[in-house]
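The numbers here are math on the coordinates, done by the rules we state, and not lab data. On a predicted model such as this, the values are computed, not experimentally measured, just so you know. Cβ placement follows ideal geometry from the backbone for every residue including glycine, while neighbour counts extend to all protein chains displayed.
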Amino acid sequence: MTAVRATTLREPEWTGSERLSGHWLTRGRDGLLTACAPAEGAVLRWTQKGAGWVGPDRLPAPGLLPRLTVAQGADGYIHLVGMRPVGSGDGIELVHAVQFQTGRPLLGWDVFGHPNKVPRWTGNPAAVVDGEGRLYVALRNGGSGVSCRSQGARGGWGRWQDLGGSGVQESLAAAVDGAGLVEIFVPDQETIARYTQEKPGAPFALADRLDVHAAPGTLSALATVSGSVSLFFVDDDGVVQVWAPQRDPHPRPLMKAAGTGPLHLAPVMIEGYPCTVLAQETGEGAEVAFAAYPAENEEAGAWWTPTSTGAATGTDGPMPLAMREDSDGGLIAMALTGDGVPMATRQKTAAGGFALGRWKPLV
């Protein structure tokens, strides 16, 4: 397999940030899975075929830096958001490509710029697709606030919207609710702001602000069984908190965090009940801990089960993780290890409850 090369740091600020984020493990309308990872000047893609995988295919992306954010809409289209150098010095621009069908070539890359007049890296983009297929990209801007840009209903890109804010952390969270509307969560040093839309394609407005400091890089959000969006984050005491403003104005404690890195989420059915699965790197080698609890029932609590990928760890930030429900209704989780080899583990659906098999490289 082709290894993903380590990131070439363009600024000290890049050190320790995510090189691969979003939902980079996807499932097409044909039920087949796709995994994407960044490389210098290319995207690496693994595609499910029968009981195994093919790849990695090296998809050319001239100038692309080895950082990638992935989003997928209800239409099955996979949206890739990357960065490439522009001008002299440390300038970058944001670029976008789409995969419409499993295993097919990418369409793109098109440039949609940067919110700053002097573009440079300011934070990790958060990307999400609304219920009508529009891609939204939000990121911290050079003024330490946050900006968002979306595709138009008929193609092209709208204007950057400055949502304001100051002292914003480098990583945001975004999700689509049951009505197809986007919610963006923006953490700063003292609060988490929630921005929402009134209707599809509408600009964002501040809806709520939670007075809490979240551990940097731990935010993740998803729509739960009622269609409302829940935000998960780690507080200063190392506790995973769940904030679902449409259900409760106050966050609810769930359990102690397994580590210090990003939280990863997936909805899954377990023995006929809708549940939420969390995963987090523990910091003990290439170890990943999993927990599951009944969706929207934080009072039930959850407990971590650590698993070892048995693979090499990286030194350029947290190990990328992704999860999703497979075509058989069980969970599949994937990790991109330090040597660039994806490893996967699957739920043992026949065993009942929530049990995962051994981690294995894609073959």
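Using a Cα-Cα cut-off of under 26 Å, which lysines could be cross-linked to LYS256, ignoring same-chain neighbours fewer than 8 residues away?
Hits, sequence-local ones excluded: LYS348.
Give me the number: length gained by fully extending LYS49 to ARG120, i.e. 0.36 nm times residue separation minus the C-alpha to C-alpha distance, one decimal in nm.
21.6 nm
In the Gaussian network model of the chain, springs joining C-alpha atoms below 10 Å, which of LEU321, LEU65, LEU32 carries the largest mean-square fluctuation?
Of the options given, LEU32 has the highest mean-square fluctuation.
Please compute the net charge surrounding THR34, taking Lys and Arg as +1 and Asp and Glu as -1 over other residues with Cβ under 12 Å from its Cβ.
Result for the local shell: +4.
Please state, rounded to one decimal and in Å, the Kirkwood hydrodynamic radius that region 63-311 gives when every pair of distinct Cα atoms enters the mean of 1/r.
It is 18.9 Å.
By its C-alpha gyration tensor, with a ≥ b ≥ c as the square roots of the eigenvalues, how is region 70-204 shaped: rounded for a/c under 1.5, else prolate for a/b larger than b/c, else oblate?
oblate
Stokes-Einstein D for region 272-330 at 10 °C, 1.306 mPa s, Kirkwood Rh over Cα pairs, in µm²/s?
121
Output the direction-averaged projected area (hull surface divided by four) of the convex hull of the alpha-carbon atoms of region 179-261, in nm².
5.5
Cβ under 15 Å from TRP157's Cβ, TRP157 left aside: what net charge do those residues give with Lys, Arg +1 and Asp, Glu -1?
+1
Which is the longest run of the chain containing none of the GluC sites (Glu not before Pro) found in DSSP loop states (not H, G, I, E, B) with at most 14 other C-beta atoms within 10 Å?
41-131
Is the C-alpha gyration tensor of region 126-189 telling us rounded, prolate or oblate? Criteria: a/c under 1.5 is rounded; beyond that, a/b larger than b/c is prolate, otherwise oblate.
Since a/c reaches 1.5 but b/c is at least a/b, the shape of region 126-189 is classed as oblate.
Report the net charge of residues surrounding GLN241, where surrounding means a beta-carbon distance below 12 angstrom and charges are Lys +1, Arg +1, Asp -1, Glu -1.
Here the charged neighbours net out to -3.
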